[in-house]
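Some notes on the structure that comes next.
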Amino acid sequence: MVETPTCPVVGRFAPSPTGTLHTGSLATAVGSYLMTKRCGGRWLLRFDDLDTPRQVPGMADDIMATLEAFALPWDGPVTYQSRHREYYCDAFATLTRQGNLYPCGCSRREIAQSSSAPHHDDDCVPYAGSCRGGMKDGAAIRSWRVTAPADEITFSDRCRGTVTQNISTFSGDFVVRRGGGEFAYQLAVVVDDHLGGVTQVVRGEDLLPSTPRQIHLHQLLSLPLPEYAHLPLVTGPDGSKLSKRDNLVSVQLAAVAGHEAALLVTILRFLGMRPPQELAGYSCSQILTWGMTNFSPEAVPWRGNCLPYLI
Ligand code: GLU
């Protein structure tokens, strides 16, 4: 079992500026904020803006305005992944020196065809390791992969309890850099969390399956591990995961119509708390102060849900 330090606490919220905050990402921000602030920790804001084609101009400002409207102030300067390239290069060089990386010339289609293992999702078809021993003659480099560890990774998630994954069968050797030179999320997030001194990663449970790969990278790079807590996703009325395009109106409408407090109280309930009805009559920061003393990661329900909206 991987052990993680707990003090002093540094948490973070790391949205991708590809759209306005939707109710689900706001709930993640609130959960992360409360988990950090209940221990008197520092809460950082970082924009995960590596995926350049998906960036929408102005969204970072929009997200900051939403956090301010809900009284979620971050500590210290805002950081941007796109400005951390030199640190990713250093980590990449370390992994290369260690012999834990290799270039891969396989296309997505070849990977899907060569994998007999069940696919967990579109992004994670287990890679059969075809290029481990070298690429086919004349193939162009499409990515660089880190060799998956032989042993399972087991860690304790503050919300989900003990989580075990065998990276070899889940994703296989995984991509840390693309052929064009861009760094992949799995490497960037590990380097960034270390740069920020992050001790606590609280985020949506869609990223739970990525966590063992990140733990493996932390270990290869000899970086201290944060603790992890994965919050349930807010779903649409049909139970589906919210996309950036869905449901963002309710956050904006709540802010425009002065219903931030009511939405925050709904989010506290979603996170497993039992706020008294009258709390909705208080200010956002008073509601969050109540949340700091009442939030418990162990009480967060496992299943996401549709949040009822107010307007
Ligand atoms: N940037 C990711 C997102 O917006 C979150 C990354 C993380 O928390 O590790 O979903």
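Residues in the range 31-65 that are within 14 Å of the ligand (Cβ to nearest atom) and under 22 Å from residue 286 (Cα atoms): 31, 32, 33, 35, 36, 43, 44, 45, 63. For the residues 223, 195, the requirement of being hydrophobic (A, V, I, L, M, F, W, C) and touching a strand residue (DSSP E or B) at 6+ places or on another chain (Cβ under 9 Å) singles out 195. Which residues, counting only those in the range 23-46, are surrounded by 22 or more Cβ atoms within 10 Å (Cβ to Cβ) and either part of a loop (DSSP other than H, G, I, E, B) or among the hydroxyl-bearing types (Ser, Thr, Tyr) (or both)? Listed by number, the residues that qualify are 23, 25, 28, 32, 33, 36.
Please go through the range 198-209 and pick out each residue that is more than 9 Å from the ligand (Cβ to nearest atom) and not in a strand (DSSP E or B). Spell out the reasoning first.
Within the range 198-209, the first condition is being more than 9 Å from the ligand (Cβ to nearest atom), and the residues that meet it are 198-200, 205, 208-209.
Residues satisfying the conditions are 198, 199, 205, 208, 209.
What are the residues in the range 112-142 that are among the aliphatic types (A, V, I, L, M), in contact with a strand residue (DSSP E or B) (Cβ under 7 Å, 6 or more places away or on another chain) and modelled with pLDDT of 90 or more, if any? Result: 135, 141.
From the set of residues in the range 188-197 that are crowded, with 23+ Cβ neighbours inside 10 Å and more than 15 Å from residue 49 (Cβ to Cβ), which is nearest to the ligand (Cβ to nearest atom)? Restricting to residues being crowded, with 23+ Cβ neighbours inside 10 Å and more than 15 Å from residue 49 (Cβ to Cβ), the top hit is 193. Inspect the range 210-219 for any residue being outside any strand (DSSP E or B), in contact with a His (Cβ under 7 Å, 6 or more places away or on another chain) and more than 11 Å from the ligand (Cβ to nearest atom) and give the result as yes or no. Looking through the range 210-219, none of the residues is outside any strand (DSSP E or B), in contact with a His (Cβ under 7 Å, 6 or more places away or on another chain) and more than 11 Å from the ligand (Cβ to nearest atom).
The values are calculated or read from the model by the stated rules, or taken from the named source; none is laboratory data. Keep in mind it's a predicted model, so treat the numbers as computed, not measured. Please note: Cβ atoms are built from the backbone with ideal geometry, for glycine as well, and neighbour counts cover all protein chains shown.
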